[in-house]
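Some notes on the structure that comes next.
Derivation of every value follows stated rules applied to the coordinates shown; laboratory data play no part. Because the structure is predicted, anything quoted here is derived from the model rather than measured. Here Cβ is always computed from backbone atoms with ideal geometry, including for glycine, and neighbour counts include all displayed protein chains.
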Amino acid sequence: MQLFLDSADEKQVKYWLGQGVLDGVTTNPSVLFRDGVVDPLPALESLARLTAPGVLHAEVTVPRGAELVHQGIELSQLADNIAVKVPVQTPDGAPCLAEIHELSSAGVAVNSTACLSFGQAALAAKAGASYLSILVGRIDDEGGDGAAVIRDLRRWLDDWQVDAKIIAASVRGTADVRRSMTAGAHCVTVPPAVLAKLADHKYSRHTVQQFLDDARAVAG
Ligand code: G3P
């Protein structure tokens, strides 16, 4: 199982790489904006260098067509360890499956993102995507069950031996991480604040303090 950091904050990326738990880093235009990136291409290049040999996921910023494919190729050429994120459809409802297919056929590792249903993700896999980003938090926002989508998708991928990896994304809390991991996601991408919570437990702090106090007492 792979763990990714959903962040463009180099300090956070370095910190969690140093903890030895990261297999890669995911970004999207909203993450770049949130983390104060003003010049995306050099920032992505730098993140790719930091993340290697793990994969850096970088997203296209044009909605469709030849321009999207062209930008996807350019992003993939920033470094050897880039996966290109392509939204599964446009804001007006057209599928981007042809673009995913063209990029995948050109040898680009495509991460089909903004998948909010089993059907969207299954079609993206058929089109050749290497990764399927299921936005579990956003599915749950609308009264759906993100973990159930992951469970069904994993069974379908395994049954038909389709070679694509599920990434659980839009993870808002530690319960989302647990539900996604146990539902069969191959990868989970987690924002730094949620990863910090995942590593922490107040009673562990208390327990460790007790060990240290008793060690001092034994030493006299
Ligand atoms: O990786 C997708 C993520 O950035 C979206 O998260 O919480 O805005 O739905 P959220």
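Being touching a helix residue (DSSP H, G or I) at 6+ places or on another chain (Cβ under 6 Å), over 24 Å from Leu3 (Cβ atoms) and in a loop (DSSP other than H, G, I, E, B) is a description that applies to Val62.
The listed residues are Leu41, Leu75, Leu56, Leu50, and the only one of them that is buried (at least 18 other Cβ atoms within 10 Å of the Cβ) and away from the ligand (no atom under 16 Å from the Cβ) turns out to be Leu75.
Candidates Asp152, Asp140, Asp158: the one that is within 11 Å of the ligand (Cβ to nearest atom), over 16 Å from the mean Cα position of the chain (by Cα) and part of a helix (DSSP H, G or I) is Asp140. Scanning the range 124-137 for residues that are surrounded by 16 or more Cβ atoms within 10 Å (Cβ to Cβ) and away from the ligand (no atom under 16 Å from the Cβ) yields Ala125, Ala127, Gly128, Ser130. Annotation: of all residues in the range 161-179 being among the β-branched types (Val, Ile, Thr) and assigned to a strand (DSSP E or B), the one that is farthest from Ala121 (Cα to Cα) is Ile167.
Kindly evaluate Leu17 against the criterion of being closer than 29 Å to Ile150 by Cα, outside any loop (DSSP other than H, G, I, E, B) and within 15 Å of the ligand (Cβ to nearest atom). So Leu17 fails the test.
Just so you know, in the range 20-38 the residues that are away from the ligand (no atom under 16 Å from the Cβ) and free of Cβ contacts under 8 Å to residues at least 12 places away in the same chain include one that is surrounded by the most Cβ atoms within 10 Å (Cβ to Cβ), and it is Val38. Figure legend. Inter-residue proximity from the range 125-147: first residues within 20 Å of Asp163 (Cα to Cα) and of a type in the set (Phe, Trp, Tyr), second residues within 12 Å of the ligand (Cβ to nearest atom) and not in a helix (DSSP H, G or I), beta-carbon distance below 6 Å, spacing 6+ or different chains. Indicated pairs: Tyr131/Asn111; Tyr131/Ile167. Out of Ala193, Ala121, one residue alone is of a type in the set (Gly, Ala, Ser), crowded, with 24+ Cβ neighbours inside 10 Å, in a helix (DSSP H, G or I) and within 16 Å of the ligand (Cβ to nearest atom). It is Ala121.
The set of residues in the range 168-179 that are within 12 Å of the ligand (Cβ to nearest atom) and touching a residue at least 40 places away in the same chain (Cβ under 8 Å) comprises Ala169, Val171, Asp176. Among the residues making up the range 180-190, those that are of a type in the set (Val, Ile, Thr) and either outside any helix (DSSP H, G or I) or within 13 Å of the ligand (Cβ to nearest atom) (or both) are Val188, Thr189, Val190.
Yes/no matrix, rows are residues, columns are (1) within 15 Å of Thr26 (Cα to Cα); (2) more than 16 Å from the chain's Cα centre (by Cα):
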| residue | (1), (2) |
| --- | --- |
| His57 | yes, no |
| Gly72 | no, yes |
| Val86 | yes, no |
| Pro91 | no, yes |
| Ser112 | yes, no |
| Ser117 | no, yes |
| Ala121 | no, no |
